[in-house]
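Taken together, the values in this text are just the output of simple stated rules run on the coordinates, not laboratory data. Because the structure is predicted, anything quoted here is derived from the model rather than measured. Glycine gets a Cβ as well: all are built from the backbone with ideal geometry, and neighbour counts include every protein chain shown.
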Amino acid sequence: MNIPKRKLGKTGVDVTILGLGGEGILRTFGYDKEAYALINRALDLGINYCESARAYSGSESYYGKALKERRGEIFLTSKSHARDRKGALAHLQETLKYMKTDHIDLWQVHDVRTPGDIEEIFAPGGAIEAFVHAKEKGLTRFIGVTGHENPGIISRCMSLFDFDTVLLPLNPAEPEHMSFLENTVPLANEKHMGVIGMKVYLRGAPRQLDFISTMKPFYEFALSQAVSTVVIGCDDIDQLEENVRFAKSFKPMPPGDQKKFISSISPYARQLMMYKL
C-alpha cells in the first residue's frame, strides 16, 4: 500500500500526506551515515515531500549527499530566515550549493513572528524581493511562508503577498493558545494555498502524559484538518517507519472525536506548548 497523496494547493503538485521534516537526526552535524540512511529509507518508503532550512544545522548538506540521482523523485523544500534581499539571496546560494541542485521546488520565508519581521520582509530591499527574483530565475518553483507563534502575523503575511504555501503548527494543544486552525487555515484554503502542518507531536512531549500510549491520534488529528501534508522530523529509521505506518493506515478523525481530543489535552496545553518551538 502506498502513502496517500493530496494536492499541495494551487501548486498542483501531489504530495504524500507525510513529509520528511528537517528536524530530528537531520538537524545535526556529523551524523552523515545515519542521515544518508534515513533520507534514502524515506524515499524507498514512498515519501516525496522533503524539507529543510538554512537554519537547520547540517540538514541541507545531508540532503545533498543523500539524494544524488534521486533528486527528481521528490518535492524538495528549504527556507531562509533572512529579512533582507541580500541576505536571503546569499542563503539561497548556500542552499543550492549544499543540496547539490540547480533549483528547489519550494522556498519559504522562515519563522515570521513579529510586526517588525513583516516590516523588514516586505519593505523595499526586503527578503520578499529575493523570493520573487528566485522564482523569476527558476531557482525555485514556488514561494511559501512559515510561522510558529502568532496566527495573526501569518495571516497578515498572506494578505501582503500571493504565497503558494503556508507551514504552520497543527496539534490539539493549539486551540488553547492562539489557534492557527480557527482563522489562518481557512484563509489559506480560501486563497487555494497548500497548507503544511508542523509541530504535530510537540517534540514528543505528550508521551509524558499517562493517558497517551501512542502518537498516532496526534497524526490523525493534524491530517483530519484541511491540510495537504504534515512534516515530521525523525531521530532514526524506527521512528520514520512508525510514521509511515500511521500515514498508510490513516483514517480521518471524526469532528466529535477531535473535540474530545482537544478537551482531553486542554488541561496540559500550556505545558505542552512549551515544546512547540
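Some points to look at:
- Scattering curve values for segment 189-277, log₁₀ I(q)/I(0), Debye with Cα scatterers, q = 0.14, 0.16, 0.24, 0.26 Å⁻¹: -0.53, -0.69, -1.46, -1.56
- The radius of gyration of the Cα set in the chain, together with its Dmax, comes out at 17.7, 52 angstrom.
- Here, segment 14-169 is characterised by an Rg to Rh ratio of 0.96, where Rg is the alpha-carbon radius of gyration and Rh the Kirkwood radius.
- Panel note: the C-alpha atoms of segment 109-193, placed on their principal axes, show extents of 41, 26, 17 Å (largest first).
- Structural descriptor for segment 17-273: relative contact order 19 percent, calculated from alpha carbon pairs under 8 angstrom and at least 6 residues apart.
- Leading residue at positive end of dipole, the chain (Cβ point charges), from Ser80, Ile153, Trp107: Trp107
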